[in-house]
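Have a look at the structure below before the remarks.
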Protein chains: 2
Amino acid sequence: MIKASPNKKLKVHFDPDNIDIIVEEGENLLKAAISAGVHITASCGGAGTCGTCKVLIKKGEVESTRTEKLSLDEWQQGLRQACQSKVITDLVVSVPVESRLETEVLSQEMKMVSAAGEAEALATGWGFNPPLSKLHLKLPQPSSKDNISDLSRLLRGIKQRYHLSNISVEFEVVKRLPHTLRKNNFKVTATTLVTAIKTKLDKRRPTIINIEPGDTSSKHYSLAFDIGTTTVCGQLLDLNRGRVLAEGVAYNGQISYGQDVITRIAYCQKPGGLKELQQAVVSTINGIIEKLLNQAKVSLKHIGHINVAGNTTMTQILLALEPKYLRLAPYTPIANFIPPVKAKTLGIKVGEQVHLFTFPSVASYVGGDIVSGILGSGVYQRKKLTLFADIGTNGEIVIGNSDWMVTASCSAGPAFEGGGIKHGMVASSGAIEGFEINPENLKPVIYTIGGEKPRGICGSGLINIVAGLLEAGVISQNGKFNTDLSTKRIRRGGDGYEYVLCLAGESQTGKDIVVTEVDIDNLIRAKAAVYAGCQTLSRSVSISCHDFEQVIIAGAFGSNIDIERSITIGLFPEIPADRFIFIGNGSLLGARLASYSTDMLDDARRIARMMTNFELSENVDFMNNYVAALFLPHTDGDAFPQVSQRLKKLPPRHRGKELAF
Amino acid sequence: MIKASPNKKLKVHFDPDNIDIIVEEGENLLKAAISAGVHITASCGGAGTCGTCKVLIKKGEVESTRTEKLSLDEWQQGLRQACQSKVITDLVVSVPVESRLETEVLSQEMKMVSAAGEAEALATGWGFNPPLSKLHLKLPQPSSKDNISDLSRLLRGIKQRYHLSNISVEFEVVKRLPHTLRKNNFKVTATTLVTAIKTKLDKRRPTIINIEPGDTSSKHYSLAFDIGTTTVCGQLLDLNRGRVLAEGVAYNGQISYGQDVITRIAYCQKPGGLKELQQAVVSTINGIIEKLLNQAKVSLKHIGHINVAGNTTMTQILLALEPKYLRLAPYTPIANFIPPVKAKTLGIKVGEQVHLFTFPSVASYVGGDIVSGILGSGVYQRKKLTLFADIGTNGEIVIGNSDWMVTASCSAGPAFEGGGIKHGMVASSGAIEGFEINPENLKPVIYTIGGEKPRGICGSGLINIVAGLLEAGVISQNGKFNTDLSTKRIRRGGDGYEYVLCLAGESQTGKDIVVTEVDIDNLIRAKAAVYAGCQTLSRSVSISCHDFEQVIIAGAFGSNIDIERSITIGLFPEIPADRFIFIGNGSLLGARLASYSTDMLDDARRIARMMTNFELSENVDFMNNYVAALFLPHTDGDAFPQVSQRLKKLPPRHRGKELAF
């Protein structure tokens, strides 16, 4: 038989990243971009339905069909949907500004991470006793009077010097023992890890996971990771000094397969899909690890342990655990407590000995990131009645204190992340975040992240815009435009009425940037889901939304929002602003603390067990509360007395359509 | 670059096995035989120094140099040392009867195994509670009211139905959980294994190692193995009924690399040597497993667990643990307690889930086989003062009872296995085993195993021959021939004086079969080592060799010997014969019991901890006792009053050279 000749190799050049990649003829252009590390937005996971992955073919040709997401005009300009295109010649491709995922946003993500350490709400009172320990030993050499086995010699030494018994040992350590002991005259360093959890009956049982010749006890590091749907944050920790040596962040490599967990789970159902997504996030993790080690000049072989916090979907995909049933009713995760795995078996480039722990989860949509956040913020340690909220595509809410905790997840949709919004974008440079309105002429005053020319609207910007429009009477409490107002800023566009934030001449995209009634409606649905979730959960434990003594907002999105304006639109209950605390990336914070303290690791399990999850998707109360919340701030104005007061004080022409002259 | 053309393939045909194998040009002929599964004796492990691997090249040519082990005559006949020959043409090779390892001996090995079950000395009182369990569960399907994780559902079911909590689970099981649960409507069978050992503080902590759809609880099997230096015995166990379904035995595939552990350890020092030997024994194990499964019509996937007992060297090589330090003073094993390993990682062809347990050892030369023998024979359960001996190349001795145990290993050399004996052979068909002497004409009466024409002398035969010659006065108490006797049976041969057992015309080899003074000397050294070991060990605990209330003889060799005659030559102390018990393959017996009972598995660890090892190699008492024992039966005749009495009663001419007329 004659073997088919190998596929032709073609070169694809991506602008403005200026990156080349060689691919096989027929390769999907979106996949080529992913392989090249070029970040292209692709909300639908390559299904061709979102139209966000448009790229301009500057040179060469692709095989592609035009879908309704590309206008004939765009097609003739040379725009193509990357996910719908096959590479058939060498290419020069330009990724337009709208399709680009800027990495600059990441520095902001990192800022959150650092800010967390300074937050008021932090777990306290934990002892510094990392689950990973390094034990240096000078063992006596074997003699005819003392010829016990190598392992017995090691264990005896540990018992004598460190008063530890009941230690187990990994087979791989046994295997390397004779050489390692004899390499440096029976001076060795053993690394132990506590894997089992302390219970009433059992003492902790450390396992020897590594053995090195000589004294390596000064090199004692671990890694903490927050695996988010959008970004992955990592920290390199010095376990001798209990401090962060380096930190890094990157987009989750899965982002080009879909922006939300549901799209990613769907992608996993394709043949090889789960493996592909698993490798995507592992590759992101590997990139971060490499940077962290370079930054801190730490050698790979001295990493002993990885703690990972992530939502249930991210955790299951990282571990290559079938995520299918997370999105099918009744939404069951595979396991809340997943045994540690060897990181290397996942493809993570660390030593054979490195175990990866994942934070326990509570339910399909209340994951290890929330448990980690509760751990890091110490909610479970205090008597104070607390509302903890991590808001993104899903709003996860926890209510409780040191005695009890209830939790729920409410599907907010992508509006808070800038998704599903006509000119929505992630919170990176050029995103309109600040918004004020001139009450006289109704002209906007906008400011963008990075002070650049506007490119779109981010989630926190949208809240500010809608709150501003509401308080100025440009929109009414049902989110509809007051079209009687005498301003050109309100106009009828392709998606109904819209308000022009920025004219084409001033924008980075060369197009007008607007907020539409559909956008406002999306935001109202998102905020209503979160508020209704909070309300339903509160009522389920017979408390009122106003009883919270503390409100902790976690997550990158949460940390950017304006509390007053969030209350104005009815996202959060009307509670004095000084009870709100931002902790930034609480998930990473908890992962770090669990690396520092075995007690905290135990606490994480305790927290996961102690939380009661309320499933809202089929809850009638929730549905009623949700419908009641589809109003600005709420149909029940009494729940928002101050906001209602302010809205009433507006001059008549500003109070909405029905009152306009 | 031009790639070198692949090596030429050549065919080697082995007679009388009638096996063909294709090898590369230049392949070593001994290795070719090993690959082909043709058993050739090779005591020196291929060093060329023992001359036992002679084969006849009937057709074709090998590249070989003549060593002193081949006479010019043999060379001209076409005989070559297989280990010194390279295949350079197609070959037809005949393996002469002396070089052949007969597989028929194995059936005898198996007989021992079966006999063990009927022995008087057996562990008693153990509960039938296998470490491996199968738990069938009919779990409720998830619903919106009950959407706990798949794993929580499984663990809840196990707790409800089997009242087991504190269970851990392997990651691989978690991975397969969602599919398996849903394959048969949430009816599943979980397999659990107790790996951790019960201590005062800890409860037993079973681990879920497998999950299967439906009810597979009726198919519940494990394997028990004794890995001997010469042979490997295995049993397939039905864990529901507690019985042996099939048993099998084969030569240890390492046998062609050297007959004793020292040669094998030396072989492991060659590059790739350890791996080669590891694979050799794994291939033997795989062969046995295949046979057992076929025999019992059991499917591979229903095997859940393997228990292996072997000496320390065999155990370390099986697990690919460097055996070097076992043979270098001060003789340290890597570990007495080795954590369980996944059998598949060793190359054993079983399911991913199968854990392989190795019996704990006591020292470099008191291994898991002895611990297993003590377990199986119940020595540790009784108050009776017991001598336990497993005699082969090494004589391992245990003295003690339920309160205490001491142990030692004495290097007996290969004489008991027929090694180092001019016409020695293993105890297979044609081996002279029985021996009587006509006191009048000093002619021998011999009988062989299988009743075939004589081929050589096995170890137990040698004991009978030497005892017979001593009692007839043909040899004196120092093992020298009474050359004044008027019989042609005593003559001067190449190795000094010898006694002709069988003339060429009557033998299978076409040569005279003789026992030489050198052979007798070798036997005396062997028995002196065992006796001195027993004596040294007894004195170390201040008891006399005559105090034993029970003597348990384990092992294939031990089971074939004549007790009276063994006492006559001074191998064992003079104790009434009715106190001797043969248990056959005690090692396999213990491995089986530990598969049936978790208590027994715990006991094995307890036994290993409770035994105190005495290192004899540098012990002055032992050396003195050894020298004193280099006499038949012993220089201290008072220690053997009845034997001394019998020897005195012999007619004068039969009492040895110095008394001859």
Quiz prompt | Identity of the residue in the range A:168-181, within 8 Å of another protein chain (Cβ to nearest Cβ) and of a type in the set (Val, Ile, Thr), that ends up surrounded by the most Cβ atoms within 10 Å (Cβ to Cβ) | solution = A:174
Quiz item: Quick one: what pairs do we get from the range A:141-157, first residue within 15 Å of residue B:617 (Cβ to Cβ) and within 7 Å of chain B (Cβ to nearest Cβ), second crowded, with 16+ Cβ neighbours inside 10 Å and of a type in the set (Val, Ile, Thr), C-beta under 7 Å, 6+ apart or different chains?
Solution: A:142/B:332; A:147/B:332
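Checking the conditions here, which among B:208, B:158 is under 19 Å from residue B:598 (Cβ atoms) and part of a helix (DSSP H, G or I)? Quick ask: steps written out before the conclusion?
On the way: B:208 fails: part of a helix (DSSP H, G or I).
Only one candidate qualifies: B:158.
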Quiz prompt | Which numbered condition residue B:325 fails, given (1) part of a loop (DSSP other than H, G, I, E, B); (2) at pLDDT 95 or above; (3) in contact with a Pro (Cβ under 8 Å, 6 or more places away or on another chain); (4) within 30 Å of residue B:538 (Cα to Cα) | solution = (1)
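Kindly evaluate residue A:187 against the criterion of being within 14 Å of another protein chain (Cβ to nearest Cβ) and modelled with pLDDT of 95 or more.
Details: within 14 Å of another protein chain (Cβ to nearest Cβ): no; modelled with pLDDT of 95 or more: yes.
No; evaluated as a whole, the condition is false for this residue.
Is there a residue in the range B:481-495 that is under 31 Å from the mean Cα position of the chain (by Cα), at negative phi and not hydroxyl-bearing (Ser, Thr, Tyr)? Can you show your working first?
Looking only at the range B:481-495, we keep the residues that are under 31 Å from the mean Cα position of the chain (by Cα), and these are B:495.
Among the residues that remain, those that are also at negative phi are: B:495.
Among the residues that remain, those that are also not hydroxyl-bearing (Ser, Thr, Tyr) are: B:495.
Checked against the condition, which is being under 31 Å from the mean Cα position of the chain (by Cα), at negative phi and not hydroxyl-bearing (Ser, Thr, Tyr), the range B:481-495 yields at least one hit.
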Quiz item: Mind checking whether some residue in the range A:431-451 is assigned to a loop (DSSP other than H, G, I, E, B), away from every other protein chain (no Cβ under 14 Å) and under 22 Å from the mean Cα position of the chain (by Cα)?
Solution: no
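Yes or no: residue A:218 in a loop (DSSP other than H, G, I, E, B) and closer than 30 Å to residue A:169 by Cα?
Numbers: in a loop (DSSP other than H, G, I, E, B): yes; closer than 30 Å to residue A:169 by Cα: yes.
So residue A:218 fits the description; yes.
Just checking, how many residues over the range B:254-285 are assigned to a helix (DSSP H, G or I) and out of contact with any strand residue (DSSP E or B) (no Cβ under 8 Å at 6 or more places or on another chain)?
Narrowing the range B:254-285 to residues assigned to a helix (DSSP H, G or I): B:254-257, B:261-268, B:273-285.
Narrowing the set further to residues that are out of contact with any strand residue (DSSP E or B) (no Cβ under 8 Å at 6 or more places or on another chain) leaves B:254-255, B:257, B:262-268, B:273-280, B:282-283.
Qualifying residue count, the range B:254-285: 20.
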Quiz item: Can you name every residue in the range B:587-631 that is in a loop (DSSP other than H, G, I, E, B), away from every other protein chain (no Cβ under 14 Å) and surrounded by fewer than 21 Cβ atoms within 10 Å (Cβ to Cβ)?
Solution: B:630, B:631
Self-check item: Checklist (1) under 24 Å from residue B:218 (Cα atoms); (2) part of a helix (DSSP H, G or I); (3) free of Cβ contacts under 8 Å to residues at least 24 places away in the same chain; (4) within 14 Å of chain A (Cβ to nearest Cβ) applied to residue B:165, failing item
Solution: (2)
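Picking from B:41, B:49, which residue would you name as being crowded, with 18+ Cβ neighbours inside 10 Å, modelled with pLDDT under 90 and either among the aromatic types (Phe, Trp, Tyr) or touching a Lys or Arg at 6+ places or on another chain (Cβ under 9 Å) (or both)? Write out each step before concluding.
Values: B:49 fails: crowded, with 18+ Cβ neighbours inside 10 Å.
Matching residue, one of B:41, B:49: B:41.
Of all residues in the range B:371-400 being assigned to a loop (DSSP other than H, G, I, E, B) and closer than 20 Å to residue B:591 by Cα, which is modelled with the lowest pLDDT? Write out each step before concluding.
So the first thing to find is which residues in the range B:371-400 are assigned to a loop (DSSP other than H, G, I, E, B), and the list is B:378, B:382-385, B:392-393.
Checking which are closer than 20 Å to residue B:591 by Cα leaves us with B:378, B:382, B:392.
Working: B:378: 93, B:382: 93, B:392: 78.
Filtering the range B:371-400 for residues that are assigned to a loop (DSSP other than H, G, I, E, B) and closer than 20 Å to residue B:591 by Cα, the one modelled with the lowest pLDDT comes out as B:392.
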Quiz item: Among the numbered criteria (1) among the charged types (D, E, K, R); (2) within 14 Å of another protein chain (Cβ to nearest Cβ); (3) buried (at least 22 other Cβ atoms within 10 Å of the Cβ), which single criterion is violated by residue A:352?
Solution: (3)
Quiz item: Does the range B:52-70 include one or more residues that are assigned to a loop (DSSP other than H, G, I, E, B), more than 17 Å from residue B:92 (Cβ to Cβ), at pLDDT below 80 and not hydrophobic (A, V, I, L, M, F, W, C)?
Solution: yes
Quiz item: Restricting attention to the range A:438-466, and to residues there that are hydrophobic (A, V, I, L, M, F, W, C) and surrounded by fewer than 24 Cβ atoms within 10 Å (Cβ to Cβ), which single residue is nearest to residue A:499 (Cα to Cα)?
Solution: A:442
Self-check item: Odd one out for residue B:577, checked against (1) surrounded by 18 or more Cβ atoms within 10 Å (Cβ to Cβ); (2) away from chain A (no Cβ under 14 Å); (3) more than 17 Å from residue B:379 (Cβ to Cβ)
Solution: (1)
Quiz item: In the range A:297-344, which residues are surrounded by fewer than 23 Cβ atoms within 10 Å (Cβ to Cβ), farther than 27 Å from residue A:240 by Cα and more than 8 Å from chain B (Cβ to nearest Cβ)?
Solution: A:327, A:328
Self-check item: Conditions (1) in a helix (DSSP H, G or I); (2) in contact (Cβ under 8 Å) with a residue 24 or more places away in the chain: number failed by residue A:35
Solution: (2)
Quiz prompt | Matching residues in the range A:104-151 - criterion: being among the charged types (D, E, K, R) and at pLDDT 55 or above | solution = A:104, A:134, A:138, A:145, A:146, A:150
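The values are calculated or read from the model by the stated rules, or taken from the named source; none is laboratory data. Just so we're clear, the structure is a prediction, and the values are computed from it rather than from any experiment. Backbone-built Cβ (ideal geometry, glycine too); neighbour counts: all protein chains shown.
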